[in-house]
Amino acid sequence: MASQSQGESKTVVYAALAGNFLIAVTKFVAAAMTGSSAMLSEGVHSLVDTGNELLLLHGMRRAARPPDRAHPLGHGRELYFWTFVVALLVFALGAGVSFYEGVLHILDPEPVEDPFVNYVVLGLAMLFEGFSWVVALKAFRRQKGPLGYIEAVRRSKDPTTFTVLFEDSAALLGLLIAFAGIFLAERLGIPELDGVASIGIALILAATAIVLARESKGLLIGEAAVPGVQAALLRIAESQPGLHRANGVLTVHLGPEQVVAALSVEFDDAMTAPEIEACVLVIEARIREEQPQVTTIFVKPQTAGTWKARAEAVAAAGARDL
């Protein structure tokens with residue numbers, strides 16, 4: 001399942017990469033021919049998206065490296081880091097350049113030359129972006145299961161698919177705004193509207209970047225596994241003979257399919273050290289078999305009172321943060 005999910009994520013990124021590169025070249029040619037500020041902003045938008053897909057692929061490749069002496073738990077968070085960089089680029093380059101171009105065009109407006117070229121390019125861009133968007137949407141729907149879209153984004157531990165989906169959605173909205181700006185600027189004879197469209201594109205990109213940065217930050221800091229995985233770990237532990245109680249579990253994602261888990265358990269007082277060691281080995285083996293995304297497991301003998309005190313301290317700290 002892990003390799004299948006990763007392969008699907010790469011397919012989504014490759015589809016977006018190919019589409020955005022071709023669209024960027026076409027938009028820049030059209031902007032040079034017509035002098036449209038909105039089209040230039042769209043070209044920058046597609047170029048940034050192309051670079052973003054390359055960064056996501058780089059992050060996926062780096063995250064797949066095995067553990068080493070400097071990184072004993074692996075490199076999974078590389079993907080989260082590069083996803084955060086993508087969000088920064090969308091804001092700084094995409095939104096920043098689009099806003100700058102829009103302001104310049106409003107202050108020094110120039111009529112769009114041969115707008116028909118822009119309409120053709122925008123139509124082709126919508127076709128290509130739409131194809132990439134459909135690929136990303138289908139993959140995200142399979143990953144989210146019965147969850148709603150917003151809840152699925154919040155719970156998702158694989159940022160590649162929803163990042164591409166957000167980028168493609170912003171691109172389609174940007175194309176519609178660019179079309180409206182160019183059309184109204186031509187029909188009404190108000191060339192400033194082309195610049196207004198460019199600023200509208202900048203606002204969409206800024207909003208997209210903020211959402212991506214927020215989700216990436218949570219993953220980069222470290223998010224717990226979904227409740228179903230945590231419940232499965234406790235169930236596996238409690239099913240072992242000689243275990244008095246499974247107090248709780250702490251989990252953190254180091255990557256989409258890389259979870260570190262720490263189990264707090266209480267063994268029967270009559271168990272000897274070799275028996276406890278054998279029980280721990282069985283727990284670890286069953287967890288790796290049933291939950292392969294759990295790559296590192298720590299089993300800590302601990303009384304229920306000690307675990308409860310720690311859990312209450314964590315809950316109190318969380319309440320203060322809110």
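Here, each number is a calculation from the coordinates, and none is a lab measurement. A quick note: this is a predicted structure, and the numbers were derived from the prediction, not measured. Every residue, glycine among them, receives a Cβ derived from its backbone with ideal geometry; neighbour counts consider all protein chains shown.
Please determine, in degrees from 0 to 90 and to the nearest 10, the orientation of helix 304-321 with respect to the longest principal axis defined by the Cα atoms of the chain, where the helix direction is its Cα long axis.
20
By how many degrees, between 0 and 90 and to the nearest 10, does the Cα long axis of helix 192-221 differ from the longest principal axis of the chain?
Between the helix axis and the principal axis of the chain, the angle is about 10 degrees.
With only alpha-carbon atoms counted, please give the Rg and Dmax of the chain, in Å.
Gyration radius and largest Cα-Cα distance of the chain: 25.1, 89 Å.
Taking the Cα centre of the chain as the origin and placing charges on Cβ (Lys, Arg +1; Asp, Glu -1), which of MET60, GLY94, LEU205 is farthest toward the positive end of the dipole?
MET60
Taking Cα atoms, how many degrees apart are the long axis of helix 159-188 and the longest axis of the chain, rounded to 10 and kept between 0 and 90?
20
Output needed: percent of Cα pairs per 10 Å distance bin for the stretch 51-146, bins running from 0 to the one holding the longest distance.
13, 22, 34, 19, 10, 3, 0
Quick check: from the Cα gyration tensor, does the stretch 227-321 come out rounded (a/c under 1.5), prolate or oblate?
Here the stretch 227-321 falls in the oblate category.
At a Förster distance of 25 Å, what's the computed FRET efficiency of ASP114 paired with VAL211, Cβ-Cβ distance as r, to 0.05?
With a Förster radius of 25 Å, E is 0.10.
Given +1 on the Cβ of Lys and Arg, -1 on the Cβ of Asp and Glu, and no further charges, what dipole in debye does the chain carry about its Cα centre, rounded to the nearest 20?
840
How large is ³J(HN,Hα), in whole Hz, for each residue of the stretch 74-90 in order, when computed from phi with the Karplus curve 6.51 cos²θ - 1.76 cosθ + 1.60 and θ = phi - 60°, using x for Gly and Pro?
For the stretch 74-90, the Karplus curve yields x, 10, x, 6, 4, 4, 5, 4, 6, 5, 5, 4, 4, 4, 5, 5, 4 Hz.
Where Lys and Arg each count +1 and Asp and Glu each count -1, what net charge lies around VAL260 among other residues with Cβ under 14 Å from its Cβ?
Value of the local net charge: +1.
Give me the percent relative contact order of the chain, please, defined on Cα pairs under 8 angstrom at least 6 residues apart.
Relative contact order, the chain: 19 percent.
Tally the DSSP beta bridges in the stretch 227-321 and give the antiparallel ones as a percent, rounded to 5.
60
Please compute the modelled spin-label separation between ALA273 and LEU173, points set 7 Å along Cα→Cβ, answer in nm with one decimal.
6.2
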